[in-house]
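Data first, discussion second: the structure below is written as structure tokens.
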Amino acid sequence: MPRTRPLPLDETIRVAAYVIRERAVPELLVFDHVGMPQAGTQVPAGGVHPDEDLERAVLREVFEETGLRTVSVVGQIVVESKPHPDTRRPRRTTYFHLRTSATTADAWNHEVYGDGDDAGLIFACHFLPLPLREPLADDQDAWLGGINPRWDTVTDDRQ
């Protein structure tokens, strides 16, 4: 039977993943675009397929952008409505708290697959201790305090 392509992603409805690894100091899974430092450090995030459940979408995004399968959804944190940073088009992002094993590798490179704009890019995945010392791209760290108030990112411009 021929393989069918998934329905296109709706970039106005998105999910984002705070994947936490519990160690002596809790750590957040992030990635950097290899060869594109201007993109900044990010968490897995992306569009949702039409009729796709949000929890399924966040698990898919984590797998597509990092290759990790050993994650589980702990819960939804917040729904954020703000315009896309480049196009200014409206978009709604649901942030989720996910968990991965303490034995997950410290760092790896992953080639992004799927049908989105990131397909073929290489992401350098790694963990950062919480709380973060620097904000993430597009203020993606803004809701970490919704998991644990001690994880709010405090920088000079956010005090």
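The values are calculated or read from the model by the stated rules, or taken from the named source; none is laboratory data. The structure presented is a predicted model; accordingly, all values stated were derived computationally and were not measured. Positions of Cβ are generated from backbone atoms using ideal geometry, with glycine treated the same way; all protein chains shown enter the neighbour counts. Protein only, heavy atoms only, side chains kept; ligands, DNA and RNA dropped before computing areas. Shrake-Rupley method; radii C 1.70, N 1.55, O 1.52, S 1.80 Å.
Summing Lys and Arg as +1 and Asp and Glu as -1 over all other residues whose Cβ lies under 11 Å from the Cβ of H33 gives a net charge of -3.
When DSSP beta bridges are restricted to pairs lying wholly in the chain, around 75% turn out antiparallel. Tell me, what is the percent relative contact order of the chain, built from C-alpha pairs under 8 Å that lie six or more residues apart? It rounds to 27 percent for the chain. Across the range 63-84, the residues whose backbone nitrogen lies under 19 Å from the label position 7 Å along the beta-carbon direction of D139 are 77-84.
In the chain, a dipole from Cβ-located charges (positive for Lys and Arg, negative for Asp and Glu) runs towards its positive end, and of M36, V15, V112 it is V15 whose Cα lies farthest in that direction.
The mean of 1/r over all pairs of different alpha-carbon atoms in the chain, once inverted, gives a Kirkwood hydrodynamic radius of 16.1 Å.
How much of the accessible area of the chain, in percent, comes from carbon and sulfur atoms when a 1.4 Å probe is used? Looking at the chain in its full context, I get 51 percent from C and S. Rounded to the nearest 500, the 222 nm mean residue ellipticity of the chain from helices alone is -2500 deg cm²/dmol, with -39,500 (n - 2.57) taken per DSSP H run of at least 4 residues.
Around the Cα centre of the chain, unit charges on the Cβ atoms of Lys, Arg, Asp and Glu (plus for the first two, minus for the last two) sum to a dipole of about 320 debye.
Seen against the Cα atoms of the chain and their longest principal axis, helix 54-66 is set at about 80 degrees.
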